[in-house]
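Here the structure comes first, spelled out in structure tokens, and everything after it is commentary.
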Amino acid sequence: FLRLDDLTIRGEESRRATVGMEMIATGDWIVPRQQGNPYFMSARPPLQSWSMAVLSLLRGNVDAVAVSLPSAVSILLITLLVYGYSSTFLSPVGALAAGAAYSTMGQVMELGRLGETDAMFTLFVSGSLLLWHWGFSRRWKPGITWGIAWFCVALATLTKGIQAPVYFAMAIGVYLLVTRKWRFALSWANVFGIMVFAIVWG
């Protein structure tokens, strides 16, 4: 979070930021726009642009902090998630080391300062997988386990695209097949989770 406004806005960061600016200017928070015209070439789903626009409204300006803060917050939340998940089977020191190891990786530190979708997408995809396994292994109510996981999948889909449910379904499907617990996927709880995904994404 230090000196978030030191780096210049470059690459696709400006494209995401201007989509957020257009949302504020036009009041249309659904259709991405550039210079007032609908913009669908290389446009990502709107969640990150929404977050940039909301931060810009709160700050009173579309600046480097509003552009990069969603990524920085995403990295912090992933770090806390890794710590929390790891604490279910590691010592407190081991869980702390896992969180610190993730947050200090070079690529992670770089992405945490950029207004790109990668950090936010990673938060929601890893959240879907880790929270699902956390709930599965700790025997949370199946509806809660599937509902939280599919909610995260929906947010990931709103961040970067339709690959999120593919990643989730493939990883969980293979896991349940290998562990011979595939019947857990054939439940009303999973149907509930898919409905959560459909409502949030829709």
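The values are calculated or read from the model by the stated rules, or taken from the named source; none is laboratory data. No experiment lies behind these values; they were computed from the predicted model shown. Glycine also receives a Cβ, built like all others from the backbone with ideal geometry; neighbour counts cover every protein chain displayed. Just so you know, the surface numbers come from the protein's heavy atoms only, side chains and all, with ligands and any DNA or RNA stripped out. Shrake-Rupley method; radii C 1.70, N 1.55, O 1.52, S 1.80 Å.
Residues are listed down the side, and each one gets a yes or a no for (1) more than 19 Å from Met120 (Cβ to Cβ); (2) in contact with a Pro (Cβ under 9 Å, 6 or more places away or on another chain):
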site	(1), (2)
Ala149	no, no
Leu155	no, no
Leu158	no, yes
Gly161	no, yes
Val166	no, no
Leu177	yes, no
Arg183	yes, no
Asn190	yes, yes
Val200	no, no
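Do the conditions hold for Arg139, that is, is it out of contact with any helix residue (DSSP H, G or I) (no Cβ under 8 Å at 6 or more places or on another chain), assigned to a loop (DSSP other than H, G, I, E, B) and either open to solvent by less than 50 Å² (accessible area, probe 1.4 Å) or not small (Gly, Ala, Ser) (or both)? Yes. For Ala25, the requirement of being among the aliphatic types (A, V, I, L, M) and buried (at least 19 other Cβ atoms within 10 Å of the Cβ) is not met.
Answer yes or no: is there a residue in region 85-94 that is at negative phi, surrounded by 18 or more Cβ atoms within 10 Å (Cβ to Cβ) and hydrophobic (A, V, I, L, M, F, W, C). So far as region 85-94 goes, no, none of its residues is at negative phi, surrounded by 18 or more Cβ atoms within 10 Å (Cβ to Cβ) and hydrophobic (A, V, I, L, M, F, W, C). Taken over region 1-33, the criterion of being touching a residue at least 60 places away in the same chain (Cβ under 8 Å), among the aliphatic types (A, V, I, L, M) and not in a loop (DSSP other than H, G, I, E, B) is satisfied by Ala17 alone. One residue stands out in region 34-84 among those that are outside any loop (DSSP other than H, G, I, E, B) and β-branched (Val, Ile, Thr): the one that is most open to solvent (accessible area, probe 1.4 Å), namely Val54.
Starting from residues that are within 27 Å of Glu12 (Cα to Cα) and open to solvent by 50 Å² or more (accessible area, probe 1.4 Å), keep the ones in region 152-172 and report whichever is modelled with the lowest pLDDT.
Filtering first and then ranking leaves Ile162.
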